[in-house]
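Since the structure comes first, as structure tokens, the remarks are kept for the end.
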Amino acid sequence: MKIITTAKELKEYVKNVSFQGNNSIGFIPTMGALHQGHTKLIKQAREENEIVVVSIFLNPTQFLKDEDLNKYPKRDEADKKICQLSGVDVLFFPSVNDIYSDDEASILAPSVRGFVLEGFTRPGHFNGVLTVVMKLLNIVNPAKAYFGKKDAQQLHLIKLMVEQFFMSVEIVAVDTQRESDGLALSSRNAYLSKEERQEALRIPQSLHLCAKLVSKNIRDRDEIVQKMKEILSPLEVSYIEVLNRNFEVIKEVQLGNSVVLVEAKVGSTRLLDNIWL
Ligand code: AMP
């Protein structure tokens with residue numbers, strides 16, 4: 001596995017492999033502290049591409065001023081081992097100065113779909129996400145880039161950006177990897193105490209209930225949200241929302257075209273999860 005730390009060097013590498021005709025690059029952008037959710041994306045990319053590139057970059061522009069970027073878990077050595085064992089060809093580990101300069105253009109998230117739900121609790125967050133994803137895609141120039149369905153709003157906005165900016169990369173959505181008890185894997189789970197880890201199970205339980213209600217032909221948004229709230233109530237719920245796949249609020253679940261999203265705080269940790277119906 002090659003470790004590359006500058007955009008310039010990575011662009012050179014990409015140019016060389018495309019000269020040799022091996023230009024099917026699969027790319028997985030991450031912020032590190034890798035877990036089995038990330039390796040699921042890497043595994044799929046490994047199966048579908050000749051070359052797999054993973055980036056680890058803790059992107060400062062997607063954190064709000066009051067969010068502690070320095071507290072984000074960092075496990076560089078373990079991450080390198082995980083990438084190596086997962087068959088990654090190139091690990092891109094840039095510094096902040098290599099990605100950003102003092103005065104530059106940026107991408108703004110759409111004013112409606114970028115500023116509701118997680119964009120409402122974290123205003124400006126998706127501007128930072130889209131800007132860094134655009135930069136990384138321009139450096140790596142992959143045929144396919146892999147993103148988790150767990151971050152459904154992020155995935156939707158990235159797909160929208162790729163479409164609206166006429167970019168040629170294919171965005172591949174990968175199912176959420178869960179622990180055996182249902183909790184979605186997340187780097188943020190590292191913040192949870194033992195008790196909080198147990199309380200966090202209310203989130204997948206509420207989504208499980210949602211699926212059960214829908215399977216019993218209950219499709220009404222308000223009824224579903226109300227029943228989910230009963231399970232989630234000890235937690236501080238930021239939102240429960242029923243949307244179609246175009247991220248518009250719907251009053252009734254439409255099978256094959258819906259996603260139900262939950263964001264709740266467990267202690268001081270904000271956790272996201274969802275179910276695609
Ligand atoms: P992050 O390092 O949190 O920025 O995540 C990098 C990528 O991994 C994003 O596309 C996430 O949606 C994806 N991801 C994170 N957790 C999971 C999970 N449990 N299952 C599948 N994908 C995930």
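I need a count of the residues in the stretch 170-196 that are more than 11 Å from the ligand (Cβ to nearest atom) and free of Cβ contacts under 8 Å to residues at least 60 places away in the same chain.
First pass over the stretch 170-196, keeping only residues more than 11 Å from the ligand (Cβ to nearest atom): 170, 180-182, 190-196.
Remaining after also requiring free of Cβ contacts under 8 Å to residues at least 60 places away in the same chain: 170, 180-182, 194-195.
Counting residues in the stretch 170-196 that are more than 11 Å from the ligand (Cβ to nearest atom) and free of Cβ contacts under 8 Å to residues at least 60 places away in the same chain gives 6.
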**Prompt:** What are the residues in the stretch 96-141 that are among the polar types (S, T, N, Q) and over 16 Å from Lys11 (Cβ atoms), if any?
**Reply:** Asn97, Ser101, Ser106, Ser111, Thr121, Asn127, Thr131
**Request:** Scan the stretch 142-162 for residues that are of a type outside the set (Gly, Ala, Ser), assigned to a helix (DSSP H, G or I) and within 9 Å of the ligand (Cβ to nearest atom) and jot them down.
**Result:** Gln154, Leu155, Ile158
**Prompt:** What number of residues within the stretch 38-89 satisfy the criterion of being open to solvent by 20 Å² or more (accessible area, probe 1.4 Å), among the small types (Gly, Ala, Ser) and more than 21 Å from Ala184 (Cβ to Cβ)?
**Reply:** 1
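If you take just the helices (runs of 4 or more DSSP H) that sit entirely in the stretch 166-259, which of them hold at least 2 residues that are under 15 Å from Leu277 (Cβ atoms) and not hydrophobic (A, V, I, L, M, F, W, C)?
Working: elements: 194-199, 202-215, 221-232.
In the stretch 166-259, 202-215, 221-232 are the helices (runs of 4 or more DSSP H) which contain 2 or more residues that are under 15 Å from Leu277 (Cβ atoms) and not hydrophobic (A, V, I, L, M, F, W, C).
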**Item:** Pairs with Cβ under 7 Å, 6+ apart, first in the stretch 245-265 and open to solvent by less than 20 Å² (accessible area, probe 1.4 Å), second in a strand (DSSP E or B) and charged (D, E, K, R)
**Value:** Leu261/Glu241; Val262/Asp273; Glu263/Arg270; Ala264/Glu236
**Output for the stretch 197-212, where each listed residue is within 16 Å of the ligand (Cβ to nearest atom) and open to solvent by less than 50 Å² (accessible area, probe 1.4 Å)** = Ala200, Leu201, Ile203, Pro204, Leu207
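The values are calculated or read from the model by the stated rules, or taken from the named source; none is laboratory data. Since the model is a prediction, treat every value here as computed from it, not as a measurement. Neighbour counts run over all protein chains shown; Cβ positions are idealised from the backbone, glycine included. For accessibility, only protein heavy atoms count, side chains too; no ligands or nucleic acids. Shrake-Rupley method; radii C 1.70, N 1.55, O 1.52, S 1.80 Å.
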